[in-house]
Structure formats: C-alpha cells, structure tokens
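Heads up: the structure comes next, in structure tokens.
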Amino acid sequence: DDKVPQTRLHRRLTTLDGAEIMRLSANDHFVDVSSDRGVETLRLRLGDAIHEMDPIEGICTHRSHWVALSAVVGVEQAGANKTFVILRNGDRVPVSRKYRPRLVAAGLLE
C-alpha cells in the first residue's frame, strides 16, 4: 500500500486527510488544493503553499499553478502557443511561456 507522503500543507486540510495532492492553483487570496479526492480551498498564498509541499517534488507551470511531478501523465499542445500538462485526475493545467523552460529542463516538454 503506497502511503502518500504527508506534507506540512496536509496538516491544514480538513476534507482531504491523507489525499494525494496533485496541484495547487492560486485563486485571489486563496489556494485551491486539488487531489485524488477532490478540491479544498485554503486561505494561503501560493508561494507559502508550495513551500509546505516538501518532500513532494513539483514544478510551477504558470504563475498561478503548481503541479506534483508524480501526478503528470501527459502534455497536450493546443494550437501553436497553448500547452497544458495533463494530470492523473484529468486536470489540464496551463503552461505559460515564462515557465516552459523549467518544464523542458525537467523532461516534461521537448
């Protein structure tokens, strides 16, 4: 039974206890925490939420999106300039031009 690594962010969650966190998305002064069991919204800055995700490895795909590398199952090109990473839970997360080189360096994009 694979135990999901518990992060400091997990301690803040009330409805997703023990869930696998797949992505974080900034939403005004809140962060939407998306997992294999649904979404919970926390009043937190995205940067602070990312900091609390240790030891789970992840990457920012956009100024308001972070994804866990273990949750990425694919990449989708939509037109010339639109790229998305696809997560195991079906989420499509946008990749911005600024963050694209980091995803290339991580081996997720060519």
| remark: Comparing VAL73, VAL93, VAL85 in a Gaussian network model of the chain (Cα, 10 Å), the one with the largest mean-square fluctuation is VAL73
| query | Using the heavy atoms of the protein chains alone and a 1.4 angstrom probe, what is the accessible area of the range 1-52 per residue in square angstrom? | reply | 62
| task | With the convex hull built on the Cα atoms of the chain, state its orientation-averaged projected area in nm². | result | 6.9
| query | Ignoring ligands, DNA and RNA, what percent of the accessible area of the chain is carbon or sulfur (1.4 Å)? | reply | 46
| remark: Among ALA78, ALA19, ALA49, the residue with the largest mean-square fluctuation in a Gaussian network model of the chain built from Cα contacts under 10 Å is ALA78
| Taking Cα pairs under 8 Å and at least six residues apart, what relative contact order does the chain come out at, in percent? | 19
| task | Please work out how much accessible surface GLU57 shows to a 1.4 Å probe, ignoring ligands, DNA and RNA, in Å² rounded to 10. | result | 130
| query | What is the magnitude of the charge dipole of the range 31-110 about its Cα centre, with +1 placed on the Cβ of each Lys and Arg, -1 on the Cβ of each Asp and Glu, and no other charges, expressed in debye to the nearest 20? | reply | 400
| message | Let me understand the range 1-62 better: what is its radius of gyration from the alpha carbons, and its Dmax, in angstrom? | response | 10.8, 37
| field | Cα gyration tensor shape of the range 43-88, rounded if a/c is under 1.5, else prolate or oblate by comparing a/b with b/c | value | oblate
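The values are calculated or read from the model by the stated rules, or taken from the named source; none is laboratory data. Treat the numbers as computed from the prediction; the structure is a model and nothing was measured. Neighbour counts run over all protein chains shown; Cβ positions are idealised from the backbone, glycine included. When the accessible area is computed, the model is the full protein with side chains, heavy atoms only, and any ligands, DNA or RNA have been set aside. Shrake-Rupley method; radii C 1.70, N 1.55, O 1.52, S 1.80 Å.
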